[in-house]
Amino acid sequence: MKLGDVYWVDLPDRGGREQRGRRPAVIWQDTAAFSGLPTILVIPLSSQQGALRFSGTVLIQPSPANGLSLPSVALVFQIGACDVRRIEQRIGRLSDNDLETIRALARLLQGLAQ
């Protein structure tokens, strides 16, 4: 697993408004530098384009490289930890452009933008 890879993930029900269930998610952690941790940061994806009404989202178009079959909304505002045992099979990898768009939004959300 590498930052920017897209995997099937089984997100648990946390009793709130977070995404849950089996869905694609973007790996959002440098796994080489932080190997051996029991959790990994992910950004859930949703095929529900109505989620674009939230400012912390990015639309990802399907491509052979990312392996998505539908346009998907990266719910950047829902970056969260996921038990590594919930990570399933690799779907693909985001393009450099999509990865940089998400990175810039994540920085803004975390107050790290310059």
**Message:** Ignoring everything except DSSP H segments at least 4 long, calculate the 222 nm mean residue ellipticity for the chain; use -39,500 (n - 2.57) per segment, divide by total residues, nearest 500.
**Reply:** -4000 deg cm²/dmol
**Message:** Between Glu100 and Phe77, what is the label-point separation in nm under the 7 Å Cα-to-beta-carbon projection?
**Reply:** 2.6
**Prompt:** Hey, if you drop one equal point scatterer on each alpha-carbon of the chain and run the Debye formula without solvent, what base-10 log of I(q)/I(0) do you get at q = 0.11, 0.13, 0.20, 0.21 Å⁻¹?
**Reply:** -0.31, -0.44, -1.11, -1.23
**Prompt:** Taking Cα pairs under 8 Å and at least six residues apart, what relative contact order does region 5-109 come out at, in percent?
**Reply:** 31
**Request:** Count the net charge of all other residues whose Cβ sits under 10 Å from the Cβ of Asp5, scoring Lys and Arg as +1 and Asp and Glu as -1.
**Result:** +3
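None of the figures in this text is laboratory data; all of them are computed from the coordinates on show. Predicted, not measured: the structure shown is a model, and the values here were computed from it. Cβ: placed from backbone, ideal geometry, glycine included. Neighbour counts: every protein chain shown.
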